[in-house]
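Visitor: One structure follows; several queries about it will come next.
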Amino acid sequence: MTAYAHDEVVPDKQSTLAKKRQVADMFNDIAGRYDFLNRFLSAGTDRRWRKKAIAELREVHPKMILDVATGTADVAILAFKLLHPSKIIGIDIAESMLKLGRKKIEKLRLADKIELAAGDGETINYGPHSFDAITVAFGVRNFENLENGLSEMLRVLKPGGKISILEFSKPVLPVFKSFYSLYMKIVAPGVGKMIAHNKQAYEYLNNSVQAFPDRDSFTAIMKKAGFQKTYFKTLSLGICCIYCGSK
């Protein structure tokens, strides 16, 4: 498996823990402020991004959906409302995030439709051809090995199934790129320190975004992993991209 630059980006360079453990600890620490910071830092745009990513799956009419790196279940809940599948399984390595997601699901009385479980996107605990569709929102940057994660998701996807990945990318317009760089380097970590009491988590966000192979580079990696009909769509002047592929 090829190693990519973002595979080596970790929340704490001084730590001896593996990236996966560091990422889990980081999200467990900021779980209680995670949803608020998402809305605040994106001015509410993150919800629209998620809806657009989910909409890419309408054509396959999925009955079974896997939401990798489900976090507090925002995508899982939106996917149920928009696609009406029979079942959604959400997996995540951060138990504190899952606890908050379960509370949301119970409040919405969707516990029979959406199930959350501790799980790792690089070693998915389901058999081959288990899901019609897979969603991942802002999760693939956090994989310890990107190709492992993509190969695992392809394995559990049914033939004819489709994956929709939402991930941060780097704007290309010069003026907006400069503004975005300043925002990610200074503003986001500052707000993270003030509200989540964890500046390091949002410094990691910027560092991992900068190192991530976006746009054509990422679709090429998806093809290498075995996905077909790959494509991407840019959102909000290139802040995010939706990446899709089929099996």
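Visitor: Taking the range 2-34, which residues are closer than 25 Å to PHE218 by Cα, charged (D, E, K, R) and buried (at least 16 other Cβ atoms within 10 Å of the Cβ)?
Guide: Scanning the range 2-34 gives ASP7, LYS19, LYS20.
Visitor: I've got another one for you. Hey, any hits in the range 206-229 for a residue that's part of a helix (DSSP H, G or I), under 20 Å from ASP46 (Cβ atoms) and without any contact (Cβ under 8 Å) to a residue 40 or more places away in the chain?
Guide: yes
Visitor: Kindly indicate whether GLY190 is surrounded by fewer than 19 Cβ atoms within 10 Å (Cβ to Cβ) and closer than 30 Å to GLY32 by Cβ.
Guide: Considered against the rule, which asks whether it is surrounded by fewer than 19 Cβ atoms within 10 Å (Cβ to Cβ) and closer than 30 Å to GLY32 by Cβ, GLY190 comes out as yes.
Visitor: Run down GLU167, GLU144, GLU152 and say which single residue is surrounded by 19 or more Cβ atoms within 10 Å (Cβ to Cβ) and in a loop (DSSP other than H, G, I, E, B).
Guide: Among GLU167, GLU144, GLU152, only GLU144 is surrounded by 19 or more Cβ atoms within 10 Å (Cβ to Cβ) and in a loop (DSSP other than H, G, I, E, B).
This table checks each residue for (1) in contact with a strand residue (DSSP E or B) (Cβ under 8 Å, 6 or more places away or on another chain); (2) among the aliphatic types (A, V, I, L, M).
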| residue | (1), (2) |
| --- | --- |
| LYS52 | yes, no |
| ALA55 | no, yes |
| GLU59 | yes, no |
| LYS63 | yes, no |
| GLY71 | yes, no |
| LEU78 | no, yes |
| HIS84 | no, no |
| ILE93 | yes, yes |
| LEU98 | yes, yes |
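Visitor: Let me ask another. Could you list, in sequence order, all residues of the range 103-129 that are in contact with a strand residue (DSSP E or B) (Cβ under 8 Å, 6 or more places away or on another chain), of a type outside the set (A, V, I, L, M) and crowded, with 18+ Cβ neighbours inside 10 Å?
Guide: Those that are in contact with a strand residue (DSSP E or B) (Cβ under 8 Å, 6 or more places away or on another chain), of a type outside the set (A, V, I, L, M) and crowded, with 18+ Cβ neighbours inside 10 Å: GLY119, ASP120, GLY121.
Visitor: Which condition number does LYS20 fail, the rest of (1) under 18 Å from ILE163 (Cβ atoms); (2) of a type in the set (D, E, K, R); (3) touching a strand residue (DSSP E or B) at 6+ places or on another chain (Cβ under 9 Å) being met?
Guide: Checking LYS20 against (1) under 18 Å from ILE163 (Cβ atoms); (2) of a type in the set (D, E, K, R); (3) touching a strand residue (DSSP E or B) at 6+ places or on another chain (Cβ under 9 Å), the one that fails is (1).
Visitor: Next up: Quick check on ASP7: is it more than 20 Å from SER246 (Cβ to Cβ), of a type in the set (D, E, K, R) and at pLDDT below 95?
Guide: yes
Visitor: Which members of the range 64-117 meet the condition of being in a strand (DSSP E or B) and either out of contact with any helix residue (DSSP H, G or I) (no Cβ under 7 Å at 6 or more places or on another chain) or over 19 Å from LYS20 (Cβ atoms) (or both)?
Guide: Hits for the range 64-117 are MET64, ILE65, LYS87, ILE88, ILE89, ILE91, ILE114, GLU115, ALA117.
Visitor: Condition check: in contact (Cβ under 8 Å) with a residue 60 or more places away in the chain and of a type in the set (Gly, Ala, Ser). Does SER96 satisfy that?
Guide: So SER96 fits the description; yes.
Visitor: Condition first: touching a residue at least 60 places away in the same chain (Cβ under 8 Å) and surrounded by 24 or more Cβ atoms within 10 Å (Cβ to Cβ). Now tell me which residues in the range 72-91 satisfy that.
Guide: Matches in the range 72-91: VAL75 only.
The values are calculated or read from the model by the stated rules, or taken from the named source; none is laboratory data. Computed from a prediction, not measured in an experiment: that's the story for all the values here. Using ideal geometry, Cβ is built from the backbone for each residue, glycine included, and neighbour counts are taken over all protein chains shown.
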